[in-house]
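*Asks:* Below is the structure I would like to discuss, written out as structure tokens.
A short reminder: the numbers here are calculations on the coordinates, not readings from a lab. Given the structure is predicted, the values throughout are model-derived calculations rather than measurements. We place every Cβ from the backbone using ideal geometry, glycine too, and count neighbours over all the protein chains shown.
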Amino acid sequence: MKRLLIRLILAPVVLVWGAVAQAQDLGTVLFDFDSASLDAEAATQVRAIAEALEATPSYKPTIVVGYTDAVGSTGYNLALGQRRAQTVADALTAQGVPVSRIGTIASRGEADLVVAVATAERRNRRVNVALDDMLSACRSYRDIDLNPAGFGDAFQVDLQSRLAEAVNAYSRFTGDGQNGPAFQMAGAAKYDCGIAAGLGPNEDRKLEYGPKCFCNSARLRVALGGAR
């Protein structure tokens with residue numbers, strides 16, 4: 001029983017870290033050879049991405065990742081990819097995208113070529129813009145299968161810990177006046193974990209709000225990873 005309880009408690013946490021790489025694509029911006037400047041085509045692509053961001057839920061932080069073709073050294077290309085990513089991030093904010101919505105700005109350089117060639121291929125010289133798919137940390141609380149037989153002291157301690165984490169995050173972001181991903185997920189986790197922690201081990205709603213607490217806690221931890 002003890003091993004089962006530990007497995008049930010830790011399983012949702014494992015989901016969090018595997019979810020960070022998941023993303024929802026918004027668009028791609030292409031670049032000229034050895035350039036981090038936007039041409040007319042790239043500017044049009046940025047405008048389309050800005051419009052897509054405006055139409056998407058604000059609780060998903062934005063990932064901006066730059067890439068290059070395979071011409072040049074690995075170190076140079078990594079730096080070039082970073083410059084391209086920063087150019088697109090700056091262009092998005094110039095289009096009216098709030099700075100708070102821009103999360104990760106990174107480079108993969110010549111890794112992950114779209115076209116596997118060693119020559120100067122425009123399709124490889126790109127910046128991908130996507131949304132962190134925080135929901136992949138927990139698609140639905142219904143997917144978290146908790147055994148009511150394990151609702152003992154250790155489970156209650158875990159609920160209290162998740163509640164404290166949510167309360168602290170909620171207070172911090174309330175004080176900062178922020179209304180970003182972490183704040184919204186903190187509010188949801190605070191509510192569900194508060195109810196779950198306050199219910200007795202034999203109450204039917206424990207089985208409902210326990211998984212909700214785990215789910216929103218997982219989403220909160222993904223959001224906290226992108227919070228500034």
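*Asks:* Amide H of G27: which non-local residues (sequence gap of 5 or more, or other chain) have their own amide H closer than 5 Å, using H built in the peptide plane?
*Replies:* It is V129, by chain and number.
*Asks:* Something else now. Report, by chain and number, residues whose modeled amide H sits under 5 Å from the one on R139, excluding near sequence neighbours (fewer than 5 apart, same chain).
*Replies:* none
*Asks:* Still on this structure, I have one more. Subtract the Cα-Cα distance of V115 and N179 from 0.36 nm times their separation in residues, and report this length gain in nm to one decimal.
*Replies:* 19.1 nm
*Asks:* FRET efficiency for T93 and A164, Cβ-Cβ distance as r, R0 = 41 Å, nearest 0.05?
*Replies:* Working: r = 35 Å, r/R0 = 0.85.
The pair T93/A164 has a calculated efficiency of 0.75.
*Asks:* For segment 77-211, what is the convex hull (Cα atoms) projected area averaged across all directions, in square nanometres?
*Replies:* Reported value for the Cα convex hull: 11.8 nm².
*Asks:* Shifting gears a bit: Using θ = phi - 60° and the Karplus curve 6.51 cos²θ - 1.76 cosθ + 1.60, what whole-Hz ³J(HN,Hα) does each residue of segment 180-195 get, with Gly and Pro shown as x?
*Replies:* With coefficients 6.51, -1.76 and 1.60, one gets x, x, 5, 5, 5, 5, 4, x, 5, 5, 4, 5, 5, 5, x, 5 Hz.
*Asks:* When you count, for each residue, the other Cβ atoms within 10 Å and take the mean per peptide, how do 212-219, 73-80 rank with the highest first?
*Replies:* The packing order, highest mean first, is 212-219, 73-80.
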